[in-house]
Amino acid sequence: MKFPILAVAQFCSARGDIEQNLAGHLAFMHRAADLGASYLLFPELSLTGYEPDLARELAVHADDPRLEPIKALAMKLRLVTTIGVPLRGANDSILIGALTFTADGDVITYAKQYLHPGEDKAFSAGDKDCYLSIDQQRIGLCVCADFTQLAHVQRMAEGGAWVYAASVLISPGGYAQDAELLAGHARRHNLPVLVANHGGPTGGWESAGRSGLWDGAGRWIGGMQGAGSGLVIVTCQREGWQVRVA
């Protein structure tokens, strides 16, 4: 069986600058497609930066015309792409959203279900899980603190996920603990964990970077060595998972 090639964008978001960040997203999409990827994952709130104080001002609907270039390029490149956005929800709520643009022109909406302490001052929580279909493989989508809840990854595993894809902001101070938790999820459920972290400071937080992959045995296969902008390409071969930084 031939498995899809996955890609992770370790992206450095400019604070609140959707236009600049959009251009950066499109550039990463081209690079990922050129390297054969079928799926590309961006970090949490990648399109605006992790900026709770700007979230209401910058929040978008899934059909916002400013997102049309991503939708069109995902179709042109046949590259399923997940980006992070502050998302307008029901009853004037603002959600930490992950929008996935499919190769067929659909937009799949997910909202982070488990908020970090303090995030509830700016955001509301989502209430539905999200699976993505990539070349007949199922990806379970996660946004940051979702992975701190054992029930979330348990549901993803029981739902038949091939990979657990986490769009995150993890700081240097929190990385060791979070990495141990993610490796444990992978090992416990025999579920590879793909992580897209920010490449630079955002929202007053430094980022640890280190985007990459743990395999189903909980082993770190590889990825970015630290912070900074970069593209990680992940392939599943008969002999196991392989990762390279492009």
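None of the figures in this text is laboratory data; all of them are computed from the coordinates on show. Quick caveat: nothing in here was measured; it's all calculated off a predicted structure. Here the Cβ positions follow ideal geometry from the backbone for every residue, glycine too, while neighbour counts run over all protein chains shown.
Please report, in Å, the Rg and the Dmax of segment 14-75, where both are computed over Cα atoms only.
When restricted to the Cα atoms of segment 14-75, Rg and Dmax are 12.2, 37 Å.
Relative contact order, percent, of the chain when contacts are C-alpha pairs under 8 Å separated by at least 6 residues? Please report the intermediate quantities before stating the final value.
Numbers: 615 pairs, mean separation 51.3, N = 246.
Rounded, it is 21 percent for the chain.
Please give me the summed charge of the neighbours of V80: other residues whose Cβ is under 11 Å from its Cβ, Lys and Arg +1, Asp and Glu -1.
Surrounding charge for V80 is -2.
Check which residues have an amide H placed less than 5 Å from S13's amide H, if you skip close sequence neighbours.
So S13 has HN proximity to G199, G200.
Could you check the spin-label model distance between K2 and R15? Points 7 Å from the Cα along Cα→Cβ, value in nm.
Once both label points are built, they end up 4.7 nm from each other.
Quick one: which residues, 5 or more positions from G203 or on another chain, have an amide H under 5 Å from its amide H? H modelled 1.01 Å from N in the peptide plane, none for Pro or chain starts.
Y50
Let me know the longest stretch in the chain that avoids all GluC sites (Glu not before Pro) found in a DSSP loop with at most 15 other C-beta atoms within 10 Å.
1-205
Taking only Cα atoms and a 10 Å spring cutoff, compute GNM fluctuations for the chain and point out the largest among A227, A62, A176.
Its mean-square fluctuation being the largest, the pick is A176.
Give, as a single signed number, the net charge of other residues whose beta carbon lies under 11 Å from the beta carbon of Y131, with Lys and Arg counted +1 and Asp and Glu -1.
Local net charge: +2.
How big is the Rg/Rh ratio for the chain, C-alpha atoms only, Rh by Kirkwood, two decimals?
Reported Rg/Rh (Cα atoms, Kirkwood Rh): 0.92.
What longest range of the chain stays clear of loop-exposed trypsin sites (Lys or Arg not before Pro) (DSSP non-H/G/I/E/B, at most 10 other C-beta within 10 angstrom)?
On the way: sites that count: K2, K128, R238.
So the longest stretch without any such site is 3-127.
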